[in-house]
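The values are calculated or read from the model by the stated rules, or taken from the named source; none is laboratory data. Small disclaimer: the values here were computed from a predicted structure and weren't measured. Here the Cβ is made from the backbone with ideal geometry for all residues, glycine too, and neighbour counts use every protein chain on show.
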Amino acid sequence: MSTTEIIRPTATAVMAKKSISANRNMGQILRWLVLFGGGVLMVMPIAYMISTSLKWPHEVYNVNLIPVEPTLDNYMFVLEDGRFYMWFINSGIIAVLTTISNLLFDSLVGYTLCKFKFPGRTIVFIAILSTLMIPTEMLVIPWYLMSQSFGWLDSYWGIMFPGLMTGFGTFLMKQFFETVPDDFIEAARIDGLNELQIWWTVALPLVKPALAALAIFVFLGNWTAFLWPLIVTNSTEMYTIPVGLSGFGDEADVAWELIMTGAAISTIPTLIVFLIFQRFIIRGVVMAGLKG
(Lines give C-alpha, C1' and ligand atoms only; values in the text may rest on other atoms or scores of the structure.)
Protein backbone atom coordinates (compact mmCIF):
# COMPACT_ATOMS: atom_id res chain seq x y z
CA MET A 1 0.00 0.00 0.00
CA SER A 2 1.45 3.37 -1.09
CA THR A 3 1.82 6.44 1.12
CA THR A 4 -0.78 8.29 -0.99
CA GLU A 5 -3.39 5.61 -0.30
CA ILE A 6 -2.73 5.92 3.42
CA ILE A 7 -2.94 9.73 3.47
CA ARG A 8 -6.07 9.97 1.31
CA PRO A 9 -8.56 8.39 3.79
CA THR A 10 -6.98 10.38 6.58
CA ALA A 11 -7.66 13.63 4.72
CA THR A 12 -11.22 12.47 4.03
CA ALA A 13 -11.76 11.81 7.72
CA VAL A 14 -10.45 15.28 8.58
CA MET A 15 -12.83 16.87 6.10
CA ALA A 16 -15.74 14.87 7.54
CA LYS A 17 -14.86 16.01 11.05
CA LYS A 18 -14.71 19.63 9.88
CA SER A 19 -18.12 19.25 8.23
CA ILE A 20 -19.62 17.78 11.39
CA SER A 21 -18.08 20.54 13.49
CA ALA A 22 -19.44 23.20 11.11
CA ASN A 23 -22.92 21.67 11.29
CA ARG A 24 -22.75 21.62 15.09
CA ASN A 25 -21.67 25.26 15.16
CA MET A 26 -24.48 26.20 12.80
CA GLY A 27 -26.99 24.34 14.98
CA GLN A 28 -25.61 26.10 18.06
CA ILE A 29 -25.99 29.49 16.36
CA LEU A 30 -29.54 28.71 15.30
CA ARG A 31 -30.46 27.66 18.85
CA TRP A 32 -29.00 30.86 20.26
CA LEU A 33 -30.87 32.93 17.67
CA VAL A 34 -34.15 31.23 18.54
CA LEU A 35 -33.55 31.75 22.26
CA PHE A 36 -32.60 35.38 21.68
CA GLY A 37 -35.72 35.96 19.60
CA GLY A 38 -37.88 34.34 22.26
CA GLY A 39 -36.23 36.46 24.94
CA VAL A 40 -36.89 39.64 22.96
CA LEU A 41 -40.55 38.71 22.53
CA MET A 42 -40.87 38.10 26.27
CA VAL A 43 -39.13 41.32 27.28
CA MET A 44 -40.79 43.67 24.76
CA PRO A 45 -44.15 43.99 26.61
CA ILE A 46 -42.32 44.86 29.84
CA ALA A 47 -40.09 47.35 28.04
CA TYR A 48 -43.12 48.93 26.37
CA MET A 49 -44.92 49.14 29.73
CA ILE A 50 -42.01 50.94 31.36
CA SER A 51 -41.55 53.17 28.32
CA THR A 52 -45.22 54.19 28.30
CA SER A 53 -45.15 54.89 32.04
CA LEU A 54 -42.44 57.51 31.38
CA LYS A 55 -44.33 59.29 28.59
CA TRP A 56 -46.57 62.33 28.58
CA PRO A 57 -50.19 61.71 27.48
CA HIS A 58 -49.57 63.13 24.00
CA GLU A 59 -46.68 60.67 23.48
CA VAL A 60 -48.51 57.51 24.46
CA TYR A 61 -49.46 56.53 20.93
CA ASN A 62 -45.97 57.11 19.54
CA VAL A 63 -44.23 53.91 18.54
CA ASN A 64 -40.89 55.10 19.92
CA LEU A 65 -39.69 52.77 22.65
CA ILE A 66 -37.56 55.52 24.18
CA PRO A 67 -39.66 58.51 25.33
CA VAL A 68 -38.79 61.82 23.69
CA GLU A 69 -39.38 63.74 26.92
CA PRO A 70 -39.31 61.19 29.79
CA THR A 71 -41.17 62.19 32.94
CA LEU A 72 -41.82 60.78 36.40
CA ASP A 73 -45.05 62.73 36.85
CA ASN A 74 -47.10 59.60 36.17
CA TYR A 75 -45.42 57.82 39.09
CA MET A 76 -45.97 60.82 41.33
CA PHE A 77 -49.66 60.94 40.36
CA VAL A 78 -50.25 57.23 40.97
CA LEU A 79 -48.36 57.15 44.27
CA GLU A 80 -50.19 60.25 45.52
CA ASP A 81 -53.55 58.65 44.71
CA GLY A 82 -54.77 57.07 47.94
CA ARG A 83 -56.84 54.54 46.02
CA PHE A 84 -53.74 52.83 44.68
CA TYR A 85 -52.49 51.98 48.18
CA MET A 86 -55.95 50.62 49.02
CA TRP A 87 -55.96 48.43 45.91
CA PHE A 88 -52.41 47.33 46.71
CA ILE A 89 -53.43 46.24 50.21
CA ASN A 90 -56.53 44.42 48.90
CA SER A 91 -54.46 42.48 46.37
CA GLY A 92 -51.89 41.63 49.02
CA ILE A 93 -54.46 40.35 51.52
CA ILE A 94 -56.25 38.25 48.92
CA ALA A 95 -53.06 36.81 47.42
CA VAL A 96 -51.47 35.95 50.77
CA LEU A 97 -54.57 34.38 52.35
CA THR A 98 -55.39 32.40 49.22
CA THR A 99 -51.82 31.14 49.02
CA ILE A 100 -51.86 29.97 52.64
CA SER A 101 -55.20 28.24 52.08
CA ASN A 102 -53.89 26.41 49.01
CA LEU A 103 -50.75 25.28 50.78
CA LEU A 104 -52.79 23.78 53.60
CA PHE A 105 -55.76 22.23 51.80
CA ASP A 106 -54.09 21.18 48.55
CA SER A 107 -51.27 19.47 50.42
CA LEU A 108 -53.68 17.80 52.84
CA VAL A 109 -55.92 16.46 50.07
CA GLY A 110 -52.92 15.44 47.97
CA TYR A 111 -51.44 13.57 50.92
CA THR A 112 -54.75 11.82 51.60
CA LEU A 113 -55.17 10.72 47.99
CA CYS A 114 -51.58 9.50 47.84
CA LYS A 115 -51.04 7.72 51.16
CA PHE A 116 -54.51 6.41 52.05
CA LYS A 117 -56.19 3.46 50.39
CA PHE A 118 -59.97 3.86 50.37
CA PRO A 119 -62.80 2.97 47.97
CA GLY A 120 -63.40 5.58 45.28
CA ARG A 121 -60.00 7.20 45.64
CA THR A 122 -59.37 7.12 41.91
CA ILE A 123 -62.82 8.53 41.14
CA VAL A 124 -62.23 11.42 43.54
CA PHE A 125 -58.86 12.15 41.97
CA ILE A 126 -60.31 12.08 38.45
CA ALA A 127 -63.12 14.38 39.55
CA ILE A 128 -60.57 16.85 40.91
CA LEU A 129 -58.53 16.69 37.71
CA SER A 130 -61.65 17.24 35.60
CA THR A 131 -62.05 20.69 37.15
CA LEU A 132 -58.90 21.73 35.28
CA MET A 133 -60.74 21.22 32.00
CA ILE A 134 -63.56 23.64 32.81
CA PRO A 135 -62.95 27.21 31.57
CA THR A 136 -63.19 29.89 34.22
CA GLU A 137 -65.77 31.76 32.14
CA MET A 138 -68.20 28.86 32.57
CA LEU A 139 -67.89 29.01 36.37
CA VAL A 140 -68.40 32.74 36.76
CA ILE A 141 -72.21 32.60 36.83
CA PRO A 142 -72.43 29.77 39.46
CA TRP A 143 -69.81 31.58 41.55
CA TYR A 144 -71.74 34.83 41.35
CA LEU A 145 -75.06 33.23 42.27
CA MET A 146 -73.41 31.49 45.20
CA SER A 147 -71.80 34.74 46.36
CA GLN A 148 -75.10 36.55 46.07
CA SER A 149 -77.05 33.94 47.99
CA PHE A 150 -74.52 33.88 50.85
CA GLY A 151 -74.02 37.64 50.95
CA TRP A 152 -70.41 37.50 49.84
CA LEU A 153 -70.62 40.15 47.12
CA ASP A 154 -68.14 43.01 47.44
CA SER A 155 -66.11 41.29 50.18
CA TYR A 156 -62.74 39.63 50.60
CA TRP A 157 -64.40 36.27 51.08
CA GLY A 158 -66.36 36.67 47.85
CA ILE A 159 -63.17 37.33 45.92
CA MET A 160 -61.16 34.55 47.54
CA PHE A 161 -63.48 31.57 47.87
CA PRO A 162 -63.18 30.22 44.27
CA GLY A 163 -59.41 29.93 44.66
CA LEU A 164 -59.03 28.72 48.24
CA MET A 165 -58.32 25.25 46.87
CA THR A 166 -57.34 24.28 43.32
CA GLY A 167 -57.29 21.10 41.30
CA PHE A 168 -53.83 21.93 39.96
CA GLY A 169 -52.43 22.31 43.47
CA THR A 170 -53.95 19.03 44.58
CA PHE A 171 -52.52 17.24 41.56
CA LEU A 172 -49.08 18.79 42.08
CA MET A 173 -48.94 17.87 45.74
CA LYS A 174 -50.17 14.32 45.14
CA GLN A 175 -47.44 13.76 42.56
CA PHE A 176 -44.79 14.98 44.98
CA PHE A 177 -46.11 12.97 47.93
CA GLU A 178 -45.68 9.85 45.82
CA THR A 179 -41.94 10.47 46.02
CA VAL A 180 -42.10 10.21 49.83
CA PRO A 181 -41.21 6.61 50.83
CA ASP A 182 -44.02 4.75 52.58
CA ASP A 183 -41.43 3.42 55.04
CA PHE A 184 -41.13 6.90 56.54
CA ILE A 185 -44.90 7.06 57.04
CA GLU A 186 -45.05 3.62 58.62
CA ALA A 187 -42.14 4.39 60.93
CA ALA A 188 -43.91 7.54 62.12
CA ARG A 189 -47.09 5.56 62.77
CA ILE A 190 -45.12 3.03 64.80
CA ASP A 191 -43.70 5.91 66.84
CA GLY A 192 -47.26 6.86 67.78
CA LEU A 193 -47.84 9.91 65.61
CA ASN A 194 -51.35 10.49 64.31
CA GLU A 195 -52.00 11.20 60.64
CA LEU A 196 -52.07 14.98 60.98
CA GLN A 197 -48.76 14.92 62.83
CA ILE A 198 -47.26 12.67 60.14
CA TRP A 199 -48.51 15.00 57.41
CA TRP A 200 -47.14 18.08 59.18
CA THR A 201 -43.84 16.86 60.60
CA VAL A 202 -42.81 14.10 58.20
CA ALA A 203 -44.41 14.50 54.77
CA LEU A 204 -44.47 18.30 54.30
CA PRO A 205 -40.76 18.89 54.98
CA LEU A 206 -39.94 16.36 52.26
CA VAL A 207 -41.93 18.23 49.59
CA LYS A 208 -40.70 21.77 50.22
CA PRO A 209 -39.92 22.39 46.51
CA ALA A 210 -43.53 21.63 45.61
CA LEU A 211 -44.84 23.86 48.38
CA ALA A 212 -42.62 26.73 47.25
CA ALA A 213 -43.61 26.33 43.60
CA LEU A 214 -47.31 26.10 44.48
CA ALA A 215 -47.06 29.18 46.69
CA ILE A 216 -45.52 31.22 43.89
CA PHE A 217 -48.03 30.06 41.27
CA VAL A 218 -51.02 30.78 43.50
CA PHE A 219 -49.68 34.14 44.68
CA LEU A 220 -48.98 35.37 41.17
CA GLY A 221 -52.31 34.08 39.88
CA ASN A 222 -54.31 35.88 42.55
CA TRP A 223 -52.20 39.03 42.43
CA THR A 224 -52.91 39.45 38.71
CA ALA A 225 -56.51 38.15 38.69
CA PHE A 226 -58.92 40.45 36.90
CA LEU A 227 -62.13 38.84 35.67
CA TRP A 228 -63.60 37.48 38.90
CA PRO A 229 -62.66 40.46 41.13
CA LEU A 230 -64.19 42.75 38.51
CA ILE A 231 -67.48 40.86 38.60
CA VAL A 232 -67.83 40.29 42.34
CA THR A 233 -66.81 43.77 43.56
CA ASN A 234 -69.03 46.85 43.40
CA SER A 235 -67.24 49.50 45.44
CA THR A 236 -63.93 51.16 44.68
CA GLU A 237 -62.71 50.29 48.18
CA MET A 238 -62.77 46.55 47.38
CA TYR A 239 -61.00 46.76 44.02
CA THR A 240 -57.76 44.89 43.48
CA ILE A 241 -54.89 46.44 41.54
CA PRO A 242 -55.84 45.04 38.08
CA VAL A 243 -59.47 46.14 38.49
CA GLY A 244 -58.55 49.52 39.92
CA LEU A 245 -56.04 50.30 37.19
CA SER A 246 -58.62 49.61 34.52
CA GLY A 247 -60.61 52.55 35.87
CA PHE A 248 -57.98 55.15 35.13
CA GLY A 249 -59.42 57.46 32.51
CA ASP A 250 -62.96 58.22 31.43
CA GLU A 251 -65.45 57.32 28.70
CA ALA A 252 -63.77 59.62 26.17
CA ASP A 253 -60.16 58.57 26.78
CA VAL A 254 -58.11 55.94 28.60
CA ALA A 255 -55.07 57.13 30.55
CA TRP A 256 -52.74 54.45 29.29
CA GLU A 257 -49.71 56.17 30.79
CA LEU A 258 -51.27 55.91 34.27
CA ILE A 259 -52.36 52.31 33.72
CA MET A 260 -48.85 51.35 32.63
CA THR A 261 -47.37 53.22 35.58
CA GLY A 262 -49.59 51.39 38.05
CA ALA A 263 -48.84 48.09 36.33
CA ALA A 264 -45.10 48.75 36.53
CA ILE A 265 -45.31 49.48 40.26
CA SER A 266 -47.51 46.45 40.90
CA THR A 267 -44.96 44.12 39.29
CA ILE A 268 -42.40 44.88 42.01
CA PRO A 269 -43.81 42.34 44.54
CA THR A 270 -44.03 39.65 41.87
CA LEU A 271 -40.46 40.29 40.75
CA ILE A 272 -39.23 40.11 44.34
CA VAL A 273 -41.07 36.83 44.91
CA PHE A 274 -39.70 35.38 41.68
CA LEU A 275 -36.12 36.46 42.33
CA ILE A 276 -36.18 34.94 45.81
CA PHE A 277 -37.87 31.64 44.94
CA GLN A 278 -36.99 31.07 41.28
CA ARG A 279 -34.79 28.09 42.11
CA PHE A 280 -37.78 26.46 43.82
CA ILE A 281 -39.93 27.13 40.73
CA ILE A 282 -37.43 25.46 38.41
CA ARG A 283 -36.79 22.52 40.71
CA GLY A 284 -40.49 22.03 41.45
CA VAL A 285 -41.60 22.13 37.81
CA VAL A 286 -38.79 19.82 36.68
CA MET A 287 -39.47 17.27 39.42
CA ALA A 288 -43.23 17.38 38.76
CA GLY A 289 -42.61 16.83 35.05
CA LEU A 290 -40.28 13.90 35.70
CA LYS A 291 -42.71 12.35 38.14
CA GLY A 292 -45.66 12.83 35.77
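So the values come out like this:
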quantity: Wholly within segment 115-208, helices (runs of 4 or more DSSP H) carrying at least 3 residues that are out of contact with any helix residue (DSSP H, G or I) (no Cβ under 7 Å at 6 or more places or on another chain); calculated: 121-130, 136-150, 182-190, 195-198
quantity: Condition broken by LEU113, with the remaining ones in (1) under 25 Å from the mean Cα position of the chain (by Cα); (2) under 30 Å from SER91 (Cβ atoms) satisfied; calculated: (2)
quantity: Residues satisfying the stated conditions in segment 131-148, i.e. surrounded by 10 or more Cβ atoms within 10 Å (Cβ to Cβ) and either of a type in the set (D, E, K, R) or free of Cβ contacts under 8 Å to residues at least 24 places away in the same chain (or both); calculated: ILE134, LEU139, ILE141, PRO142, LEU145, MET146, GLN148
quantity: So GLY262, is it assigned to a loop (DSSP other than H, G, I, E, B) and either modelled with pLDDT under 85 or in the same structural domain as THR170 (by TED's automatic domain parsing) (or both); calculated: no
quantity: Boolean, TRP152 is over 23 Å from the mean Cα position of the chain (by Cα) and surrounded by 10 or more Cβ atoms within 10 Å (Cβ to Cβ); calculated: yes
quantity: Number of the condition not met by VAL63 [criteria: (1) modelled with pLDDT under 85; (2) surrounded by fewer than 10 Cβ atoms within 10 Å (Cβ to Cβ); (3) of a type outside the set (Phe, Trp, Tyr); (4) in a helix (DSSP H, G or I)]; calculated: (4)
quantity: Hits in segment 98-125 (condition: under 30 Å from MET238 (Cβ atoms) and crowded, with 17+ Cβ neighbours inside 10 Å); calculated: THR98, THR99, SER101, ASN102, LEU103, ASP106, SER107, LEU108, VAL109
quantity: Within segment 31-72, considering residues that are touching an Asp or Glu at 6+ places or on another chain (Cβ under 9 Å) and charged (D, E, K, R), the one nearest to ILE259 (Cα to Cα); calculated: LYS55
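Yes or no, residue by residue, for (1) in contact with a Leu (Cβ under 8 Å, 6 or more places away or on another chain); (2) crowded, with 17+ Cβ neighbours inside 10 Å:
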residue: GLY167; (1), (2): yes, yes
residue: LYS174; (1), (2): yes, yes
residue: ASP182; (1), (2): no, no
residue: THR201; (1), (2): yes, no
residue: ILE216; (1), (2): no, yes
residue: ASN222; (1), (2): no, yes
residue: VAL243; (1), (2): yes, yes
